[in-house]
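What follows is a set of notes on a single structure, which appears directly below.
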Amino acid sequence: MELVARIVSAFAVAGVFLLSFHAAVWGDESMIAGAKKEGQLVWYTTTSPPDSKPLLDAFMKKYPFLKAQSMRTGAPELVEKFIFEKRAGKYIADVIRVLDFDVERFKRENLVVRYQSQAAEKFSPAMKDPQGYWTTDDYTIKVMGFNTKLVAAKEAPKSWFDLLDPKWHSKIMIEILDYRLYAGWEQRLGLEQATKLAEGLARQKIALRRGASQIAELPAAGESPLAQAYVHHLEVLKAKGAPVEWIRTFDPLVALRGAVAISANAPHPNAARLFVDFYLSKEAEQIVRTWGKVPAHPEVETFHKSLQSKDLKIHFLDPKLTGQNYAHYAAMAKKVFFR
């Protein structure tokens with residue numbers, strides 16, 4: 001009887017396994033069948049068309065029955081567009097890629113849905129929402145860059161507070177209204193130190209500009225000795241021979257995570273899930289790495305080996321805290337990064 005019981009138990013376990021396997025396969029087939037009926041995919045993104053095109057082309061090659069297109073604009077504009085369309089009853093986007101704290105805002109307004117893609121199972125917990133609403137595709141870091149012909153490496157500032165030295169008066173360039181930079185200071189240093197730094201910089205007559213990529217190019221052209229820029233922009237310019245470098249000793253080095261999420265009102269929900277699965281795959285992340293940022297996929301390395309140093313004081317913005325304290329961070333940034 002004991003032998004019979006063992007045999008029955010073994011068959012029961014096998015049956016559960018086969019049912020689970022069948023359900024997984026059926027789910028994939030069901031998703032593909034649904035996507036075939038939908039025929040389209042609309043992706044809202046901050047990624048530039050030259051970068052997004054290879055990704056969309058690879059996706060459509062894998063799923064030739066889908067016509068995929070992207071709609072690109074800057075992050076603040078894209079966030080407001082997505083929210084406005086929902087309030088107006090217009091549902092266009094299937095998938096949206098902005099920053100993690102933007103998606104936290106979407107969560108509060110029920111604009112996105114949970115989707116835990118199997119493609120993200122290997123991702124670090126720091127690269128995905130524990131509730132399953134978003135997953136990071138890549139991230140980048142805000143750093144202080146300098147023109148190596150105008151500033152010797154040994155004379156470059158070593159910390160944010162070094163920027164308050166009178167010798168840097170009117171020689172620093174920062175992106176206008178950059179509340180994310182201030183948020184990083186406060187989250188890492190505390191309110192008192194962040195306020196001291198902000199007020200000190202406000203007295204330094206900093207140059208304010210729009211456009212992150214353009215800001216990186218200005219010190220390379222000699223228009224500013226120092227400029228806060230994204231590290232991937234500076235690394236690309238360095239590779240082209242531009243006289244720029246970035247300072248590794250600043251604390252914090254504020255890091256921004258991208259976040260991919262599915263719209264709660266996606267017109268093409270099955271295509272949206274297929275796209276997210278593909279976007280987070282190793283194949284697609286190999287394309288993402290060509291954009292110059294740091295891919296979130298653990299098996300895809302960044303081109304910029306210097307970013308893997310354990311000595312860097314990288315601080316990822318807390319997505320919930322950044323969303324909750326947005327008004328405060330924006331008000332502080334307006335005092336420093338606006339005139």
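In the stretch 121-137 there is at least one residue that is open to solvent by 50 Å² or more (accessible area, probe 1.4 Å), hydroxyl-bearing (S, T, Y) and not in a strand (DSSP E or B).
Each residue in the stretch 293-310 was checked for being at pLDDT below 85, within 18 Å of L234 (Cβ to Cβ) and either in contact with a helix residue (DSSP H, G or I) (Cβ under 6 Å, 6 or more places away or on another chain) or open to solvent by 80 Å² or more (accessible area, probe 1.4 Å) (or both), and 4 pass. Just to be sure, is F106 touching a helix residue (DSSP H, G or I) at 6+ places or on another chain (Cβ under 6 Å) and either of a type in the set (G, A, S) or within 28 Å of F316 (Cβ to Cβ) (or both)? In short, no.
Would you confirm whether or not the stretch 77-89 contains a residue that is open to solvent by less than 10 Å² (accessible area, probe 1.4 Å) and either closer than 28 Å to V300 by Cα or in contact with a strand residue (DSSP E or B) (Cβ under 7 Å, 6 or more places away or on another chain) (or both)?
If we filter the stretch 77-89 for residues that are open to solvent by less than 10 Å² (accessible area, probe 1.4 Å), which is where we start, we get 78-79, 83, 85.
If we keep only those that are either closer than 28 Å to V300 by Cα or in contact with a strand residue (DSSP E or B) (Cβ under 7 Å, 6 or more places away or on another chain) (or both) as well, we get 78-79.
Yes, the stretch 77-89 contains at least one residue that is open to solvent by less than 10 Å² (accessible area, probe 1.4 Å) and either closer than 28 Å to V300 by Cα or in contact with a strand residue (DSSP E or B) (Cβ under 7 Å, 6 or more places away or on another chain) (or both).
Can you pull out every residue in the stretch 222-254 that is within 20 Å of T136 (Cβ to Cβ), hydrophobic (A, V, I, L, M, F, W, C) and modelled with pLDDT under 95? Passing the criteria: only V231. Of the helices (runs of 4 or more DSSP H) lying entirely inside the stretch 181-288, those containing at least 3 residues that are open to solvent by 30 Å² or more (accessible area, probe 1.4 Å) and within 24 Å of M127 (Cβ to Cβ) span 269-279, 282-288.
Go through (1) over 20 Å from A212 (Cα atoms); (2) at pLDDT below 95 and name the single condition R180 misses. Looking at each condition in turn, R180 falls short on (1).
The residues on offer are P64, P76, and the sole one that is modelled with pLDDT under 95 and out of contact with any Phe, Trp or Tyr (no Cβ under 8 Å at 6 or more places or on another chain) is P76.
Annotation: P219 fulfils all but one of (1) at pLDDT below 95; (2) within 18 Å of F316 (Cα to Cα); the unmet one is (2).
Would you confirm whether or not the stretch 135-150 contains a residue that is within 18 Å of R273 (Cβ to Cβ) and out of contact with any Gly (no Cβ under 8 Å at 6 or more places or on another chain)?
We begin by selecting, within the stretch 135-150, every residue within 18 Å of R273 (Cβ to Cβ); these are 135-137.
From what is left, the residues that are out of contact with any Gly (no Cβ under 8 Å at 6 or more places or on another chain) are 135.
For the stretch 135-150, residues within 18 Å of R273 (Cβ to Cβ) and out of contact with any Gly (no Cβ under 8 Å at 6 or more places or on another chain): present.
One residue stands out among those in the stretch 48-105 that are of a type in the set (V, I, T) and not in a helix (DSSP H, G or I): the one that is nearest to the chain's Cα centre (by Cα), which is V98.
Going through the stretch 111-120 one residue at a time, which ones are in contact with a helix residue (DSSP H, G or I) (Cβ under 9 Å, 6 or more places away or on another chain), in a loop (DSSP other than H, G, I, E, B) and either surrounded by fewer than 14 Cβ atoms within 10 Å (Cβ to Cβ) or of a type in the set (A, V, I, L, M) (or both)? Reasoning before the result, please.
So in the stretch 111-120, the residues in contact with a helix residue (DSSP H, G or I) (Cβ under 9 Å, 6 or more places away or on another chain) come out as 111-113, 115, 117-120.
Then drop every residue that is not in a loop (DSSP other than H, G, I, E, B), which leaves 111, 115, 117.
Selection gives L111 alone.
Filtering the stretch 148-161 for residues that are farther than 20 Å from D311 by Cα, under 17 Å from the mean Cα position of the chain (by Cα), part of a helix (DSSP H, G or I) and without any contact (Cβ under 8 Å) to a residue 60 or more places away in the chain leaves an empty set.
The values are calculated or read from the model by the stated rules, or taken from the named source; none is laboratory data. Because the structure is a prediction, the values reported are computed rather than measured. Using ideal geometry, Cβ is built from the backbone for each residue, glycine included, and neighbour counts are taken over all protein chains shown. Side chains included, ligands, DNA and RNA excluded: accessible areas come from the protein's heavy atoms. Shrake-Rupley method; radii C 1.70, N 1.55, O 1.52, S 1.80 Å.
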